[in-house]
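These notes are about the structure you will find just below.
The values are calculated or read from the model by the stated rules, or taken from the named source; none is laboratory data. These numbers come from a predicted model, not from an experiment. Every residue, glycine among them, receives a Cβ derived from its backbone with ideal geometry; neighbour counts consider all protein chains shown. Surface accessibility is based on the protein's heavy atoms, side chains included, excluding ligands, DNA and RNA. Shrake-Rupley method; radii C 1.70, N 1.55, O 1.52, S 1.80 Å.
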Amino acid sequence: MLLTQDDWYETSRDLDWTFSYVDRAAAFPTEWTGAEGIPEDAWEAWEEPFRVSYRDYVRVQREKESGVKAVSNALQRAGSYDQLPASHVAASQMHMGLITMVEYMAVTMQSRFCRFAPSPKWRNLGVFGLLDETRHTQLSLRFSHALLKHDTRFDWAQKAYHTNQWAVVAAKNLFDDIMLNADCVEACLASNLTLEHGFSNIQFVALASDAMAAGDVNWSNLLSSIQTDEARHAQQGFPTLEVVMAHDPGRAQRIVDVAFWRASRIFQTLTGPAMDYYTPLDKRKMSYKEFMLEWIVDQHERVLEDYGLKRPWYWDDFLYSLDNGQHAMQLGLWFYRPTLFWNTSAGVSRDERAWLNDKYPQWEENWGVLWDEVIRNINAGHIDRTLPETLPALCSVTQLPLGTAMSRDRLAPVSLVRDGRVHHFDSEISKWCFEQEPERYAGHRTVVDRFIGGEIQPMDLPGALAWMGLTPDVMGDDTDGYRWAREYATESKATESKA
Amino acid sequence: MAQQRATRLRTWSAFGDLGRRPSEYEVLTHGMNHTMGATPLELPPDAHGNRWLREHRDGMALTVPDWDAFRDPDRVTYGSYVAMQDDRETYVEGLLERFDKEQHDERLTAGRLDLLALAVTPARYLVHGQQMLSAYLQQLAPGSYIATCAAFQTADQLRRVQLLAYRTTQLSRAHPDRAFGIAERTTWEHHPDWQPFRQAVEEALVAYDWDLALVAFQLVLKPVADAVLLHGLARRLDTVGAPLDSLITDDLVLDAQRAARWTRALLTFLTDADPGNRAVLQGHLDTWAAHGTAMAAAGARLLGTSDIEATALSTWDELLAAGGLTRPGTPSA
């Protein structure tokens, strides 16, 4: 008789056997399984949150592929790219450069689950994750490759992670760690549970919505299609969390708290500016903070609490950072624009500024005054004074500049000395992360460490730019050619003439 | 600073001077392993992941100037993979429906059921081993072209596991008096003719150096197991009169043939890349070949037909010959 999936599924995941030719522990070393301290039979409780057959997977995914490709081909023929706002294009270049390779890293992480996960059910489910992430890599590459004829910057979808560009180094440090270095349990809790279930909702849902509003149907369609896969395989995190909570809840809490902060800082760098500054004003739906509060605080955190996890100890500081960190990063990204491979939108015209003040009541006080200085320099013709001459000090955990996690009123240095070396941190939270596992971070050298160590020659900004792989054709500049600052000049002249 | 005018490219700069337009397959696969530098991961040099990659991948004796020069002869992309496999699964679905109408399982004789219980249904453990081993080749592969071949191969193995589970369950329902769905693990763990397979899987699982893992699995375990338990099995099932499983197995042979094609291409690629690579591979083969010959002999016994052993060995020899490799005890190529 013909069967339903439920009829045969149990047999397809009954795959463990008793080893006798080699020690099973050698074939499943805890350094990869992450199952140390968890009894072997505890993994029998690991249950897939969704059941997929190979047969259904290839059918459904084939349909999805055809759909995305048809939309993409039609839009390319229509030449819609040329009509997109420059700031929106910049956001898509930043995203493709920084995220495409992460999709490929996720292929390898899922492959690790296929090989080393402590449950055969998880090892099987990893196969679909492996395929999904291969899809996301290839979709992002195809999308970017098709746009090379418009702009070389899309070359960075393939190239970025082969360079030392500082934002890439920061992202690489995080994703190399939680996807390629971590054992299965940690990779699952940090990547599937925290990053994908928590933050990818922001990255893909919010950006898809903003992209659609900006008229970029092609990118929006791609992001949404990727999200349908992510929503499925991100759920691998929950059964793993359940098993670890039953046997080592302290470890689960620590992994999630560290990953949550590190991920929030990277998203504050990528998604924060894209949502609050790059998306054209009339197309914005929500601020980065509003999205974070809705998706992370209201949804993700509530789910975690159901599993017995507490909110991270640094919750109040995290909320404070939501009012500031992305603004600090935006100012830094714009100021250090020659060190980027995408153009930066300042996003602080009068109208945009009003929006920022509405969404972030402290924005003017904390950040507006700094932009005023930038504006004065632009309008006085001193563009050189709006450009960097040195590199900023970097955090030993997030690899992001010191002073970019909180407001400009909270700049007290945070550091510690270990084995004679001083480590600086962008916040007390990053320092706490470091203290959980000093050996995980201490031996790494930040871009600035390498600069000071003489690895980057000549030891000046051009030398650093060359070391980062930045060539004049991609080096970032203001997306609007500084025209946005003119209204301030006109207004100040009007004020002067009235006086 | 003057606003830079956007410049344009025809394809990834990473291709350099390719001298032709890259295929879609190449555009979607090229140069995606960012961990090939002196410190593989952007982490402390002594981080676990860095130590593992240095010891098990970068420390291997194979010399290849450009791993991204390898190409899958089938040029499989995600899109082509799901389309191709959807067609294959539609075909198998049709087989299942057709034979179900004919009450295929109910009509199987005792001898045929014995063969299915001995040589077919216990294979899901073997194939799960192959799934894990394929994934290991993927995660340590030094280039994304090879890794992508191994990724799709991993998925092929899950396909086979699920089809085996489907057939096992069908057989258990049609023949509740037999131990389908119950006895496979015992057969896999204890039947003497399964032991060479299980031993090879378990030992391959601890062969962590990538070049050794490649030889142990991709050049020994998988080609011999596929030659016996797919190619040989399909013929045997047909001969004894179990047409449904014969046809399903025939379809799985297509996946095995695709795996053999990229493996053969990889062998040629490696030996062309550096003449010294042949000796490295041969050295590993010398220590692993006995597993292959034992599996071929045991597989023939499982299927109850001795000619399968010779056929499997000759298929295996042919694969090895692509890299100028020979089984110990056979005349040099």
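Among the residues of the range A:147-171, those that are part of a helix (DSSP H, G or I), open to solvent by 20 Å² or more (accessible area, probe 1.4 Å) and facing chain B (nearest Cβ under 10 Å) comprise A:K159, A:H162. Residues that are in contact (Cβ under 8 Å) with a residue 40 or more places away in the chain, open to solvent by 10 Å² or more (accessible area, probe 1.4 Å) and within 18 Å of the chain's Cα centre (by Cα) within the range A:104-139 comprise just one, A:T108.
Among residues of the range B:135-147 that are more than 8 Å from every other protein chain (Cβ to nearest Cβ), those with a Cβ under 8 angstrom from a residue that is of a type in the set (S, T, Y), sequence gap 6+ or separate chain, pair up as B:Y145/B:T29.
Here B:E97 meets the list (1) outside any loop (DSSP other than H, G, I, E, B); (2) open to solvent by less than 30 Å² (accessible area, probe 1.4 Å) almost entirely, failing just condition (2).
Filter the range A:188-218 down to residues that are hydrophobic (A, V, I, L, M, F, W, C) and in contact with a Ser or Thr (Cβ under 6 Å, 6 or more places away or on another chain) and give me whichever is surrounded by the fewest Cβ atoms within 10 Å (Cβ to Cβ). So, considering only residues that are hydrophobic (A, V, I, L, M, F, W, C) and in contact with a Ser or Thr (Cβ under 6 Å, 6 or more places away or on another chain), the one surrounded by the fewest Cβ atoms within 10 Å (Cβ to Cβ) is A:M212. Does B:N33 qualify as being at pLDDT 95 or above, in contact with a Ser or Thr (Cβ under 8 Å, 6 or more places away or on another chain) and assigned to a loop (DSSP other than H, G, I, E, B)? In short, yes. Restricting the range B:273-285 to residues that are part of a helix (DSSP H, G or I), over 20 Å from the mean Cα position of the chain (by Cα) and touching a residue at least 24 places away in the same chain (Cβ under 8 Å), which is nearest to B:A200 (Cα to Cα)? Ranking the candidates gives B:V280 first. Taking the range A:1-51 as the range and being outside any loop (DSSP other than H, G, I, E, B), without any contact (Cβ under 8 Å) to a residue 60 or more places away in the chain and open to solvent by 80 Å² or more (accessible area, probe 1.4 Å) as the test, the residues that pass are A:D6, A:E10, A:D41. Of the residues making up the range A:52-61, those that are under 28 Å from the mean Cα position of the chain (by Cα) and in contact (Cβ under 8 Å) with a residue 40 or more places away in the chain are A:V52, A:Y57, A:Q61.
The residues of the range A:411-447 that are more than 14 Å from chain B (Cβ to nearest Cβ) and without any contact (Cβ under 8 Å) to a residue 24 or more places away in the chain, listed by number, are A:L411, A:A412, A:P413, A:V414, A:S415, A:L416, A:V417, A:G420, A:V422, A:E435.
If you check A:E31 against the conditions, is it in contact with an Asp or Glu (Cβ under 8 Å, 6 or more places away or on another chain), of a type in the set (D, E) and either closer than 28 Å to B:G79 by Cβ or at the interface with chain B (Cβ under 10 Å from one of its Cβ atoms) (or both)? Criteria met by A:E31. Taken across the range A:261-279, residues that are among the small types (G, A, S) and over 17 Å from the mean Cα position of the chain (by Cα) do not occur at all.
Quick check on the range B:107-120. Is at least one of its residues in contact with a His (Cβ under 7 Å, 6 or more places away or on another chain), away from chain A (no Cβ under 11 Å) and open to solvent by less than 30 Å² (accessible area, probe 1.4 Å)? Yes, some residue in the range B:107-120 is in contact with a His (Cβ under 7 Å, 6 or more places away or on another chain), away from chain A (no Cβ under 11 Å) and open to solvent by less than 30 Å² (accessible area, probe 1.4 Å). Restricting attention to the range B:53-89 and to residues that are free of Cβ contacts under 8 Å to residues at least 24 places away in the same chain and within 8 Å of chain A (Cβ to nearest Cβ), the residue that is surrounded by the most Cβ atoms within 10 Å (Cβ to Cβ) turns out to be B:V82. What helices (runs of 4 or more DSSP H), lying completely within the range B:195-251, carry at least 3 residues that are more than 17 Å from B:A119 (Cβ to Cβ)? Once the helices (runs of 4 or more DSSP H) in the range B:195-251 are filtered for at least 3 residues that are more than 17 Å from B:A119 (Cβ to Cβ), what remains is B:195-205, B:210-213.
Let's see how each residue does on (1) farther than 26 Å from A:V303 by Cα; (2) hydrophobic (A, V, I, L, M, F, W, C):
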{"site": "A:W8", "(1), (2)": "yes, yes"}
{"site": "A:D14", "(1), (2)": "yes, no"}
{"site": "A:A26", "(1), (2)": "yes, yes"}
{"site": "A:T33", "(1), (2)": "no, no"}
{"site": "A:W43", "(1), (2)": "no, yes"}
{"site": "A:R51", "(1), (2)": "no, no"}
{"site": "A:S72", "(1), (2)": "yes, no"}
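On the stretch given as the range A:440-460, residues that are more than 23 Å from the chain's Cα centre (by Cα) and open to solvent by less than 30 Å² (accessible area, probe 1.4 Å) total 3.
Of the residues making up the range A:85-97, none is closer than 21 Å to B:A141 by Cα, modelled with pLDDT of 95 or more and open to solvent by less than 10 Å² (accessible area, probe 1.4 Å).
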